[in-house]
1. Can you find even one residue in the range A:458-469 that is within 30 Å of B:THR151 (Cβ to Cβ), in contact with a Phe, Trp or Tyr (Cβ under 6 Å, 6 or more places away or on another chain) and open to solvent by 50 Å² or more (accessible area, probe 1.4 Å)?
2. Just to be sure before I move on: is A:ARG200 part of a helix (DSSP H, G or I), open to solvent by 50 Å² or more (accessible area, probe 1.4 Å) and touching a residue at least 40 places away in the same chain (Cβ under 8 Å) in the structure I sent?
3. Name the single residue, out of those in the range A:281-306 being acidic (Asp, Glu) and surrounded by fewer than 16 Cβ atoms within 10 Å (Cβ to Cβ), that is modelled with the highest pLDDT.
4. May I ask you to list the residues in the range B:81-122 that are open to solvent by less than 10 Å² (accessible area, probe 1.4 Å), assigned to a helix (DSSP H, G or I) and touching a residue at least 40 places away in the same chain (Cβ under 8 Å)?
5. Failed condition for B:CYS206, given (1) open to solvent by less than 40 Å² (accessible area, probe 1.4 Å); (2) touching a strand residue (DSSP E or B) at 6+ places or on another chain (Cβ under 6 Å), with all others met?
6. Contact list please: Cβ distance under 7 Å, first residue in the range A:15-28 and more than 19 Å from A:ASN195 (Cβ to Cβ), second residue assigned to a strand (DSSP E or B) and of a type in the set (Val, Ile, Thr), pairs at least six apart or on different chains.
7. Against the definition (within 11 Å of another protein chain (Cβ to nearest Cβ), part of a helix (DSSP H, G or I), buried (at least 18 other Cβ atoms within 10 Å of the Cβ) and not small (Gly, Ala, Ser)), how does B:LEU238 come out, yes or no?
8. Which residue, of B:ARG171, B:ARG192, B:ARG266, is over 21 Å from the mean Cα position of the chain (by Cα) and open to solvent by less than 40 Å² (accessible area, probe 1.4 Å)?
Amino acid sequence: MSFSILDPLGVFFSISGAKGERLLFRYPFEILEGRKTRGANPYSLIVTEDIKNRSSNAENTVDSKRCSRSSSMVDDVGVPSGAQRLRSFSDKTLAHIFAFNIKTPLYNKKFVVKIDDVVFVGHPMHITAGINLRALREIPANVDKPPQDPLQRPSHTGSSISMFHIVFALRAEDVSHFVIDFYHKLSLKLALAINHEEQRDDFLQKQVKGLTSTIEEVAESNRKGGHSPVSPYGVALGKNQLAILLQRVYDDIVREGRTSVRVNNWINVSFCLLPKIHRDVELSEAALSEHIRRMKPYHGLLLLSSEQEIASDLPIDASSGLLRFLRIVSPLCNFQQLAMEAGTTLNQVFAMAGHLIYWAKARLIFPVCETNVYAISPNASIKVLSDNVEEFHQKFSDPSLLEILSDFSMPQPLRDVVPPFSDNMDTGKLTQIVIWCLKKELLMQLHTYVCLIPPDVKDLRYLRNDKLDWMSLPYEVKDKVMLNPLLKDEQQQADFTAFMKLVPHLRGKVHLEEIMFDLNLKRSQLIIILDKFRDVLVHAAHEDPNLQCFDKRNVP
Amino acid sequence: MSRTQVEACLISTETSKITLPELMLRLLTDLNNLGRCSVELNKSSTLFLKVVPANRNKSAAVHDFDVPILASNFTSLAALEDLTTRQIVPLIDGVKNVHQISDEVDADPDLVKSCVQNMIFYNVCKVVPAFHLTNVYRVMPGIERLIFNGTLQRECLKTVTKAENDAPSIRDIMVLYGDMQIGITVKNLLARHTTIANKIDEKKFCDFGVMHGLISRVYKYPLYTRYNQTTVKANTTLRWFNGAHHTDDILQRIEPALTIADLDDRIEADHSVVVCWK
């Protein structure tokens, strides 16, 4: 599956102010010649379509999500993606859409405009005179500033920018609303940081001045001719901080799905595109928070890359607690043990783990132990000629990945996977192999779920009761349980009490491991009790929906 | 609309302008109540509109080896416009796979696939893996729905029961579904629970489970451990043992046609072929 549909098509920066509206930067940009030839193509369908829709959409920038598609049947012919259409927009058109049409009521609001198969997402940020005045008051305290600066200010503010706007262009097809929300958030984050820097340090004024002069210079030299025309944006990338910043954001997102930049070397802006870094196109923020919220003390954490790599990715002001946590985290320990070892509360461990999961640095697992049952994950790639096979061979040399996968094909407890006296395999190595396979998402764990359904009971409505216990069971069911022939007299009472405690968990919703944790039982004890009452129980083994995938069913 | 305007001046002529409010009202009521609407703009042009929920069954891919099966809400052929679909529908019996259907109606498999895909989109059809006694299924996390959803329970019992007077209990069904796991074929399963097996129709039982996401088919992937570039070029069965194709898929592809048992024997006999289930 390709995740490139989530990538932005481009990033734009435009301003509006006393000098009018301008598009100051776009990335990726084109060499000027390329666009000319494209425009000259008389058979191009885009151009004709384009004019019609542009006019209809430019009129109503507010209400954006509507698309004037129904009328244009030609539209679906031969346009692969929004990229081509985006190229057909001239800078002037874009400036018109991003700045001219944004009037004061639209400032500081979410901006979404869909033009055929391109969606533009941004957040126009207003720079009020009031804020500038506040900045002005702070200036005299700043010793580094040249003394004439405050005097120049009034005229400066008059000609200054009233609004700036960072816009991302996305492919409209297949983009869900929450992806648009992610990009809006990114635009907002950047805008807030730039706005702050503008108040602190006139960051925006300086950058805009630089960009404007670059564009003018390049236009001048292009007019003179002599050499082939160059793009002003390319020149800006060489010297302008803001241009470099936007380029980096764009490149990072296309490459990794996350970015971390410093605006004006001061404010840190971090962002990640969740569906991309988690490789799940339909993952929304709500689904992920739900997933994180379901962490239980018996779960564990699997780091997806080495501890050093993750630590180096952290911002420099990261909490030392997190670094300590990274050092001790192990796929063999559950959160309770980790909290004990780290000397913090369980809640804090949950918070740190949730953080690592959000940024796709770690995954929630059930701690690896020898009673775990694994099977091959249905999404696993088991191609014979793949990088995984090579990597596995380099790492573990002896058995090939294919043989290991074949061993894991039959679900059985980990301790039974490999014959006990095999010479080239010990438990340690096997554990390492399992951890590696879990990282590559080749394996999934199966859990056993138990449900209380005695024979000949037709009405199962009692199982819907969330607060099910022995007392609330229907008589019919109780009778069936008590008639159990496997109960011996002397043991009967003890076993029966144990079973009564189990009843609330026998709704097919929790697995054995959770029951063990909740009731503080050993696996053997639990198995013995369940075995004694096997005539009234039903077993099913499947993966834990809370762990294996982000559960989208319960999220609106 | 805009085309009609150009052709017949729909909006600007006084007489046709009067019909517009009525038209809009019809659009609103029909789209809300029926989910679809067809309005006659003038004598020659009709506008067909249908509200389609976004993202519905978006990524449903249909393969040669899939078996289409009609959903219970499928009523009549009349609703179908497409000619190929009309030809295909009588052949959909839950046994024939896409490849066989395309052979029978003498149409291109891709065309049949897109017809089936279209029908899946409109929720009148689903695809299930071909049923065979050697199939292996595994339980899905959705299995608990069978306990909590009364309607599903009743529908399930109705579907799988063989004889009215000897209906299985819901416990029987749960035991049978719950015991499905990788490594246990349907045949093993039925042998293990003979009393229950007599009461149910095993094919309908498996198909129902797959269609409602209670269980899912686990395919067998033969992997040739000494696979390399020469194997790719060689025209043998081994060529397909690269992990991208499972046995059902391979059976469709190789010539001369083999039975499942034959293929299994070949996989058994060769020691450099390992088997993965997923």
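1. yes
2. Considered against the rule, which asks whether it is part of a helix (DSSP H, G or I), open to solvent by 50 Å² or more (accessible area, probe 1.4 Å) and touching a residue at least 40 places away in the same chain (Cβ under 8 Å), A:ARG200 comes out as yes.
3. Of everything passing the filter in the range A:281-306, A:GLU285 is modelled with the highest pLDDT.
4. B:VAL116, B:MET119
5. (2)
6. If the second residue must be assigned to a strand (DSSP E or B) and of a type in the set (Val, Ile, Thr), the pairs left are A:TYR27/A:VAL11.
7. yes
8. Being over 21 Å from the mean Cα position of the chain (by Cα) and open to solvent by less than 40 Å² (accessible area, probe 1.4 Å) holds for just one of B:ARG171, B:ARG192, B:ARG266, which is B:ARG171.
The values are calculated or read from the model by the stated rules, or taken from the named source; none is laboratory data. Small disclaimer: the values here were computed from a predicted structure and weren't measured. All Cβ positions, even for glycine, are placed from backbone atoms using ideal geometry, and neighbour counts span all protein chains on display. Accessible surface areas use protein heavy atoms only, side chains included; no ligands, DNA or RNA. Shrake-Rupley method; radii C 1.70, N 1.55, O 1.52, S 1.80 Å.
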